Amino acid sequence: MTSWIQPRSSIAPDARPRRSRASGPRRAGRPGSGQYSGARLHGWRRLTPYPFVAPVLALTVLFSVFPLVLVLRRSLYAGNIFDTNLRFAGLANYRLVFATGGGHALIVTAVFTAGFVAVCMLAGMAIALLLDVRLPGLTAVRALFVIPLVVPPVATAFIWFTLFQPDTGFFNRVLVALDLPQATLSTPGTALIAVIGFGAWQFFGEVVLLYLAALKSLPRDVLEAASVDGAGAWARLRRIRLPLLRHQTALIAVIATLTGLQTFTQIYILTNGGPQGATQTALYYVYQEAFGLGASGSVGAADAMAVLLFAISLLVTIAQLVIVSRAQRAQAS
Amino acid sequence: MSRLPLAARIAVYFLVALSALAVLFPLLWMVASALKSNGEIINPRSPLIPADPQWSNLSSAWNAAPFGRFFLNTAIFSAVTTAGQIATGMLAGYAFAMFSFPAKRVLFYLVLSGLMIPFTVVLVPVVQLLADVGWINTYQGLIVPNLASALGCFLFRQFFLGTPLELAEAARIDGASEWRIFLRIYAPLATPMTAAFTTIAFLQNWNNFLFPLVVTSSEKLMMISQGLTIFEGQLNQVSWNLLMAGSLIAVVPVLIVAMFAQRKVVDGLTLGAIR
């Protein structure tokens, strides 16, 4: 299941590897007619594909595409959540976002995501490199690093919450034993570090798995040749493995970034966006304005912030597509 | 590769053990705290491991909130949404991979756009839509928006692109219907993909928190994650042991599933890489 970097994962709709059958006369006459790959059906059977694709299409349009249009439009209108007669408000909602701490939320998002990605990538790569060493027993250990990834974030958030308790929490017990000041979630800086550490703890197993898959795809003969030529482990890592993994590294970083931008549950339970908004990310801001604050929240501001969040995610996704296509071109040549 | 010197081998094992311990520590802390007495919980000098494990904490926690109901709701939600995501994703992925038909490109890009629109961005309008049709606080409101997974469709399409078209051609000549060709020939071929996607989709649906949080407020519909937050609100400040016991109750079933389906979980998580 490591096909994710192979040419097959192309997003082009005509990615089926061509075989003799499809190069018939009908196809040959249509340049760029890749969409005709796959079986051409005849008679009534021509209608078969539509019921097959209808459920996913209907649900995607109804619960993704159409709501996106709504949110883009609504971000320009004033009115509350159940208001039917909306008034065009221009960029008022966007101004409202920045007047109500949205700018700070975007900064927190940037800091959180940067920290989250950095910790996940460093820890994930380090552990993947360790587990990639061919020694007995290490494959079995791999599963341990996946555990945080599959357990409910609400439960783990409560665990981390108790770890940070003053006096009785584990971290503060250690700090007290070392004669250091206690670190609690009521300090803005500590709270932000705590959600970064907690978020990364929960997710970095994914980075481990992706790096392990990527490391397995490296050409063994090149590494062994380098080894024979006297390159040490560190030199092989720096000069051969990391350069060969650069596309995968970029992709994994993109995945981690998208996950960081979407982090909600961990923050909701551990710090509730506080103290003083220190851990209020863009997504948390959307939640607060739309649902968390009740009547005093502004759905317009939530919509506007959601649009900003979408713009950021889209940029990251476009970066991902560029990386994939570059990697494919590099592989093809 | 036993060419590694002994010292290096020991170092690798040591570092792996150390990082595994660090990663698992919060969970061990949870187990220890769940079995402590109230006195041990509030005493900063009590040993990390409870001297006299209070197994009764588990039953106290279980009885302090309708956990049975929470589990039932979570199981229903996860089973139905996962089944839906597999059915809809496999059908569409199959059609996009195996057939050529007018408007295929446009329709495929439409599904693909679902992959690029994070659910959190459209959360507010989706909740408004559900409110418009009176689906807030209902099972259908929880389930229907989660029945399709663009990722699932994409993954199954990837899979079926690698299967031969000739099987279908032969079956067509023999007079089999398209539906039968899909169900009897190609769907079984996809079993490894289905298994990997099932485990990962099921775990994700099981752990889903934000969507149920904004669509339900009734305790009758709550899933285990949301139920835990209600449970926390009912506890007083020193009942960390009961909170940890509740968390333990929520974590153990997932751990058991993940342990038995270990390989499939790893496969599924690696699949998600094309997100």
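The values are calculated or read from the model by the stated rules, or taken from the named source; none is laboratory data. Note that the coordinates shown come from a computational prediction; the quantities given were computed from them, not determined experimentally. Virtual Cβ from ideal backbone geometry, glycine too; neighbours counted across all protein chains shown.
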With in contact with a Ser or Thr (Cβ under 8 Å, 6 or more places away or on another chain) and closer than 21 Å to residue B:234 by Cα as the only criterion, which of B:33, B:60, B:56, B:37 stands out? B:33
Out of all the residues in the range A:247-270, which are outside any helix (DSSP H, G or I) and either of a type in the set (Phe, Trp, Tyr) or surrounded by fewer than 22 Cβ atoms within 10 Å (Cβ to Cβ) (or both)? A:262, A:264
Report yes if residue A:309 is within 14 Å of the chain's Cα centre (by Cα), surrounded by fewer than 16 Cβ atoms within 10 Å (Cβ to Cβ) and within 12 Å of chain B (Cβ to nearest Cβ), otherwise no. no
Of all the residues that make up the range A:116-144, how many are in contact with a Leu (Cβ under 8 Å, 6 or more places away or on another chain) and of a type outside the set (Ser, Thr, Tyr)? 12
The condition from (1) modelled with pLDDT under 90; (2) within 11 Å of another protein chain (Cβ to nearest Cβ); (3) more than 19 Å from residue A:48 (Cβ to Cβ) that residue B:169 misses is numbered (3)
Failed criterion for residue A:87 (all others in (1) free of Cβ contacts under 8 Å to residues at least 60 places away in the same chain; (2) surrounded by 14 or more Cβ atoms within 10 Å (Cβ to Cβ); (3) touching a Gly at 6+ places or on another chain (Cβ under 8 Å) hold): (2)
Flagged in the range B:223-275 as surrounded by fewer than 23 Cβ atoms within 10 Å (Cβ to Cβ), more than 9 Å from chain A (Cβ to nearest Cβ) and in contact with a helix residue (DSSP H, G or I) (Cβ under 8 Å, 6 or more places away or on another chain), in numbering order, are B:230, B:234, B:235, B:238, B:239, B:253, B:261, B:264
Long-range neighbours under 8 Å by Cβ, at least six apart or interchain, first residue farther than 15 Å from residue B:209 by Cβ and facing another protein chain (nearest Cβ under 8 Å) within the range A:249-274, second charged (D, E, K, R) and buried (at least 22 other Cβ atoms within 10 Å of the Cβ): A:255/A:206
Answer residue from the range B:119-134, given it is in contact (Cβ under 8 Å) with a residue 24 or more places away in the chain and outside any helix (DSSP H, G or I) and is farthest from the other protein chains (Cβ to nearest Cβ) among those: B:119
Condition test on residue A:166, is it over 30 Å from residue A:223 (Cβ atoms), surrounded by 20 or more Cβ atoms within 10 Å (Cβ to Cβ) and without any contact (Cβ under 8 Å) to a residue 60 or more places away in the chain? no
Within the range B:151-185, how many residues turn out to be free of Cβ contacts under 8 Å to residues at least 40 places away in the same chain and outside any loop (DSSP other than H, G, I, E, B)? 14
Can you go through A:244, A:293, A:321 and tell me which one is free of Cβ contacts under 8 Å to residues at least 12 places away in the same chain and surrounded by fewer than 23 Cβ atoms within 10 Å (Cβ to Cβ)? A:293
Based on this model, can you work out whether residue B:178 counts as among the acidic types (Asp, Glu) and surrounded by 20 or more Cβ atoms within 10 Å (Cβ to Cβ)? yes
Say whether the condition of being within 11 Å of chain B (Cβ to nearest Cβ), closer than 30 Å to residue B:270 by Cβ and modelled with pLDDT of 90 or more is met by at least one residue in the range A:105-114. no
Counting only residues that are under 11 Å from the mean Cα position of the chain (by Cα) and not in a helix (DSSP H, G or I), which one in the range B:186-211 is farthest from residue B:157 (Cα to Cα)? B:209
In the range A:116-152, residue farthest from residue B:74 (Cα to Cα) [restricted to those that are of a type in the set (Gly, Ala, Ser) and at pLDDT 90 or above]: A:126
For residue B:242, work out the one condition from (1) part of a helix (DSSP H, G or I); (2) closer than 30 Å to residue B:117 by Cα; (3) not polar (S, T, N, Q) it doesn't fulfil. (2)
Give A:321, A:283, A:293 a once-over and let me know the one that is modelled with pLDDT under 90 and at the interface with chain B (Cβ under 10 Å from one of its Cβ atoms). A:321
Within the range B:11-22, is even one residue part of a helix (DSSP H, G or I) and touching a residue at least 60 places away in the same chain (Cβ under 8 Å)? no
Look through the range A:211-258, keep the residues that are closer than 17 Å to residue A:125 by Cα and among the β-branched types (Val, Ile, Thr), and return whichever of them is farthest from the chain's Cα centre (by Cα). A:240
Checking residue A:84 against (1) at pLDDT below 90; (2) over 19 Å from residue B:132 (Cα atoms), which single condition isn't satisfied? (2)
For the range A:97-118, give me each residue that is surrounded by fewer than 19 Cβ atoms within 10 Å (Cβ to Cβ), among the hydrophobic types (A, V, I, L, M, F, W, C) and more than 22 Å from the chain's Cα centre (by Cα). A:98, A:99
Just to be sure, is residue A:221 over 30 Å from residue A:280 (Cα atoms), modelled with pLDDT of 85 or more and either exposed (fewer than 15 other Cβ atoms within 10 Å of the Cβ) or in contact with a strand residue (DSSP E or B) (Cβ under 6 Å, 6 or more places away or on another chain) (or both)? no
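Conditions (1) modelled with pLDDT of 85 or more; (2) acidic (Asp, Glu); (3) under 31 Å from the mean Cα position of the chain (by Cα), marked per residue:
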residue: B:7; (1), (2), (3): yes, no, no
residue: B:33; (1), (2), (3): yes, no, yes
residue: B:36; (1), (2), (3): yes, no, yes
residue: B:47; (1), (2), (3): no, no, no
residue: B:52; (1), (2), (3): no, yes, no
residue: B:55; (1), (2), (3): yes, no, yes
Answer with yes or no whether residue B:236 is more than 19 Å from residue B:90 (Cα to Cα) and assigned to a loop (DSSP other than H, G, I, E, B). yes
